[in-house]
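The values are calculated or read from the model by the stated rules, or taken from the named source; none is laboratory data. Every value quoted in this text rests on a predicted model; they were computed, and no experiment measured them. A quick note on method: Cβ atoms are made from the backbone with ideal geometry, for glycine too, and the neighbour counts reach across all protein chains shown. Areas reflect the complete protein model, heavy atoms only, side chains present, ligands, DNA and RNA absent. Shrake-Rupley method; radii C 1.70, N 1.55, O 1.52, S 1.80 Å.
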Protein chains: 2
Amino acid sequence: MKHGNVIVGQSGGPTSVINSSLAGVFKTARDRGANKIYGMVNGIQGFLDKKYVDLSEHIQTDLHIELLKRTPSSYLGSCRFKLPDVTDNEEIYIKIFKMLDELEIKHFFYIGGNDSMDTIQKLSYYGKISGSQICFMGVPKTIDNDLAETDHTPGYGSAAKFIGTVMKEIIQDATVYDRENIHIVEIMGRNAGWLTAASVLSKGEDCGGPDLIYLPEKTFDTDDFLTRISELRKEKQSIIIAVSEGIKLKNGKYVCELISKQTQAKDCFGHATLGGTAQFLSTLVTREFGCKSKAIELNILQRCSSHMVSRVDITEAFVAGGHAVEASFRGETGKMIIFNRITNNPYQCTTEPFDINKIANIEKKVPLEWITENGTYVSPEFHAYARPLIQAELSPIMVDGLPSHLYNRP
Amino acid sequence: MKHGNVIVGQSGGPTSVINSSLAGVFKTARDRGANKIYGMVNGIQGFLDKKYVDLSEHIQTDLHIELLKRTPSSYLGSCRFKLPDVTDNEEIYIKIFKMLDELEIKHFFYIGGNDSMDTIQKLSYYGKISGSQICFMGVPKTIDNDLAETDHTPGYGSAAKFIGTVMKEIIQDATVYDRENIHIVEIMGRNAGWLTAASVLSKGEDCGGPDLIYLPEKTFDTDDFLTRISELRKEKQSIIIAVSEGIKLKNGKYVCELISKQTQAKDCFGHATLGGTAQFLSTLVTREFGCKSKAIELNILQRCSSHMVSRVDITEAFVAGGHAVEASFRGETGKMIIFNRITNNPYQCTTEPFDINKIANIEKKVPLEWITENGTYVSPEFHAYARPLIQAELSPIMVDGLPSHLYNRP
């Protein structure tokens, strides 16, 4: 059965498993009889510049598919580009659809987060009003886990597994000296605390986990923060605190803005600096208690550490890509694949195409009832939710001592 | 055959495989008929406070030994404590030897780097002049790879493997957008560039590796740095630079001191800040070229990421511990186990006890002939030296999605 030509793109911040979704789209489309499978280079923005490739020239063998699954970051390149409203600029839509028609595209897949789903929403809407037969499907991806309607998003489980793993290691390292020390670990998440909450996964029979966890969902109170540390110092020498980069004060300002805004600190060039949240709190703690404190930023390793992925996550990422193809080949359009959790123990999840209008541009935060009332920890409900998502591993393909990636990037 | 009682301690900064050396000491001593095997808690400093444990109460099974090998950071805790010269303070030596005699210790093992070998040197010297029969042996450990006389040190290979792995991942992530970006990755090493040099291991058929590599062994010239970036910008959009935290200017100052010293930048509390080297250079680059630049610190993950260790390294760490016991049981004292490389391809290395006086307090740097003349890269000789040390893996013991560690830390 022939389904015509297919095009797929990746957009927004990369994850460790976004290429597993690309592999899922490619393999499923190929196996189900797609004619040509194109890849947009640098998403819709690159496509507008006529940057696209015939993916089968790049993914030639089953080994390539396995390597692609294990390659971090967006293989096709990414973009951060928001389509204008059709009422403001119809020309861009006319151009895109003309290009798609020239390539005889029948199915359009976009792998991404909130902003990328906005692209699917707008293109499927324009397709509808312009009478196009092209199907537009979204494939969810974001380490932030903040997409609406879906139980979770591919990319989150692996980031959570990396965070849990390195938190255990950092805690072992942090407690090695017989002296007082306060470590503050900064974790990604401007508005949603899903990743920072994952630091609690380190807690178990071989690790005490972090002492305090601060998410952006709750207002951060500097005085309360210092009071809690003061109490902890009576009990233990080594204190570990996980903070989201996006924690905010009562006045709505980010904590990290305190550095530049309140005190007009300047960097060496005289520019105001927007320092890290952990660095700010670490300096605060040292000033208050006179003890050693270290700020640790987990940085982009959270989203690109493909050497330590969750097998559940990378498999689901692949399935989401495959299911998007299957749904599109059935004629579905204007939808994103979502995950519905059936049971937690044993973990079971199904996928379903879901109306993009109820997903695009909506941010899903950690439920307040999963955060302790005092705002300094997460509840067992979060733990039960996140634990299944980090299960099992996918071994990297090691070559000469290092993980191997798909190398013929377009 | 009974060899009396044994005591072992860990000192200095931890590594991912320092506990493999502890496991090597413990298992070899036990298997060869040691009576009691004590562990100093927090090194010689803790021992002076009577903090020690009977290790067999903590390491009870072979599974414990396997978990211990995979547990990052110093299981026994660590210290940074330099013994005074015996001429300045003989009392401390009298106290230590009295305590050792009370515990009927015949063999003393200390796992550590430069400073720890100073402890072995001083104790073995005092043992000699005071007529003690106790044997003192050093077991090498440091991610910095800066111990004299030995081809390399346990701990380095795993840190190098982690750096090579995440550099590949960071490079994939950094090149994802179709826009100019300069990433500056800061790697540990105040005076020796072994770890920063390991960033070159990322270079291969699936990765271009870093564009520039700066080690502390060569003087850093800010103008030349900017000129080279300016040249690179003509060829490529995404530039990746690896810098050692310890790179210095012609005047002998650390680059990171530029922030605090030359411009008197203040943090939010009015204190001079000692910012990171990468952060400084990143700000410099943005100011000079007006393009996006990101500073990434690999941080303590370099020394504690036991989820990604080199099998060669962790095995050698174990062997070094075991060989120290074997040598001590033969009556050797005042020595450290060193590694002698026989061949590179296939890699073969032997161990040998070596005079501690030629090792303690000496820092081994990257040979200048392994650094390109312009000081911006390392030579193939370095690559050939380091590659065998990162080979193969030791899988973590995964429990419920995360690596498991030995949990009953004393």
Quiz item: Any idea which of A:E332, A:E369, A:E326 is acidic (D, E) and touching a Lys or Arg at 6+ places or on another chain (Cβ under 8 Å)?
Solution: A:E326
Practice problem: Go through the residues of segment A:35-48 one by one and say whether even a single one is within 20 Å of the chain's Cα centre (by Cα), open to solvent by less than 10 Å² (accessible area, probe 1.4 Å) and closer than 19 Å to B:D173 by Cα. | Solution: yes
Exercise. Take segment B:319-339 and flag every residue that is in contact (Cβ under 8 Å) with a residue 24 or more places away in the chain and either in contact with a Cys (Cβ under 7 Å, 6 or more places away or on another chain) or open to solvent by 50 Å² or more (accessible area, probe 1.4 Å) (or both).
Key: B:V319, B:S328, B:G331, B:E332, B:T333, B:K335, B:F339
Practice problem: Can you confirm whether segment B:52-72 contains a residue that is among the hydroxyl-bearing types (S, T, Y) and open to solvent by less than 20 Å² (accessible area, probe 1.4 Å)? | Solution: yes
Self-check item: Close pairs from segment A:381-404: first under 14 Å from A:L63 (Cβ atoms), partner open to solvent by less than 30 Å² (accessible area, probe 1.4 Å) and part of a strand (DSSP E or B), Cβ under 9 Å, at least 6 apart
Solution: A:P396/A:L402; A:P396/A:P403; A:I397/A:P403
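From A:I362, A:I371, A:I342, A:I397, grab the single residue that is open to solvent by less than 30 Å² (accessible area, probe 1.4 Å) and either at negative phi or within 12 Å of chain B (Cβ to nearest Cβ) (or both).
Selected residue: A:I371, the only one of A:I362, A:I371, A:I342, A:I397 that is open to solvent by less than 30 Å² (accessible area, probe 1.4 Å) and either at negative phi or within 12 Å of chain B (Cβ to nearest Cβ) (or both).
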Practice problem: For A:E66, indicate whether it is more than 14 Å from chain B (Cβ to nearest Cβ), more than 23 Å from A:I359 (Cα to Cα) and more than 16 Å from the chain's Cα centre (by Cα). | Solution: no
Self-check item: Qualifying positions in segment B:164-179 - acidic (D, E) and either over 21 Å from A:I44 (Cβ atoms) or open to solvent by 10 Å² or more (accessible area, probe 1.4 Å) (or both)
Solution: B:E169, B:D178
Practice problem: Take A:L232 and decide whether it is closer than 20 Å to A:S379 by Cα and either surrounded by fewer than 18 Cβ atoms within 10 Å (Cβ to Cβ) or modelled with pLDDT under 95 (or both). | Solution: yes
Quiz item: Would you pick out the residues in segment A:2-32 that are modelled with pLDDT of 95 or more and either aromatic (F, W, Y) or open to solvent by 20 Å² or more (accessible area, probe 1.4 Å) (or both)?
Solution: A:F26, A:K27, A:T28, A:R30, A:D31, A:R32
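Would you mention how many residues in segment A:297-306 are surrounded by fewer than 24 Cβ atoms within 10 Å (Cβ to Cβ) and in contact (Cβ under 8 Å) with a residue 40 or more places away in the chain?
So the count comes out to 2.
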Quiz item: Do we have any residue at all in segment A:119-141 that's at pLDDT 95 or above, closer than 19 Å to A:G193 by Cβ, more than 14 Å from every other protein chain (Cβ to nearest Cβ) and in contact with a Lys or Arg (Cβ under 8 Å, 6 or more places away or on another chain)?
Solution: no
Quiz item: Could you give every pair whose Cβ atoms fall below 9 Å, whose first residue belongs to segment A:59-71 and is under 19 Å from A:H307 (Cβ atoms), and whose second residue is of a type in the set (D, E) and assigned to a loop (DSSP other than H, G, I, E, B), counting only separations of at least 6 or pairs across chains?
Solution: A:L67/B:D206; A:T71/B:D206
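Looking for something assigned to a helix (DSSP H, G or I) and modelled with pLDDT of 95 or more - is there at least one such residue anywhere in segment B:329-345? Don't jump to the end; show me each part of the working.
Filtering segment B:329-345 for residues assigned to a helix (DSSP H, G or I) gives B:329.
Applying the additional criterion that residues be modelled with pLDDT of 95 or more yields B:329.
Within segment B:329-345 (the criterion being assigned to a helix (DSSP H, G or I) and modelled with pLDDT of 95 or more), the answer is yes, since at least one residue qualifies.
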Exercise. Name the one entry in B:D144, B:D115 that is within 30 Å of B:G209 (Cβ to Cβ) and open to solvent by 10 Å² or more (accessible area, probe 1.4 Å).
Key: B:D144
Practice problem: Report yes if B:V309 is open to solvent by 10 Å² or more (accessible area, probe 1.4 Å) and in contact (Cβ under 8 Å) with a residue 12 or more places away in the chain, otherwise no. | Solution: no
Exercise. Determine the pairs where a residue that is more than 8 Å from chain A (Cβ to nearest Cβ) and polar (S, T, N, Q), located within segment B:41-56, has a partner that is part of a loop (DSSP other than H, G, I, E, B) and open to solvent by 60 Å² or more (accessible area, probe 1.4 Å) with Cβ atoms under 8 Å apart, the partner being 6 or more residues away or on another chain.
Key: B:S56/B:K36
Exercise. Run A:R409 past the list (1) within 14 Å of chain B (Cβ to nearest Cβ); (2) under 20 Å from the mean Cα position of the chain (by Cα); (3) surrounded by fewer than 20 Cβ atoms within 10 Å (Cβ to Cβ) and report the number of the one that doesn't hold.
Key: (2)
Quiz item: Residues of segment A:308-340 being more than 19 Å from the chain's Cα centre (by Cα) and farther than 14 Å from A:K27 by Cα, which ones?
Solution: A:A327, A:S328, A:R330, A:G331, A:E332, A:T333, A:G334, A:K335
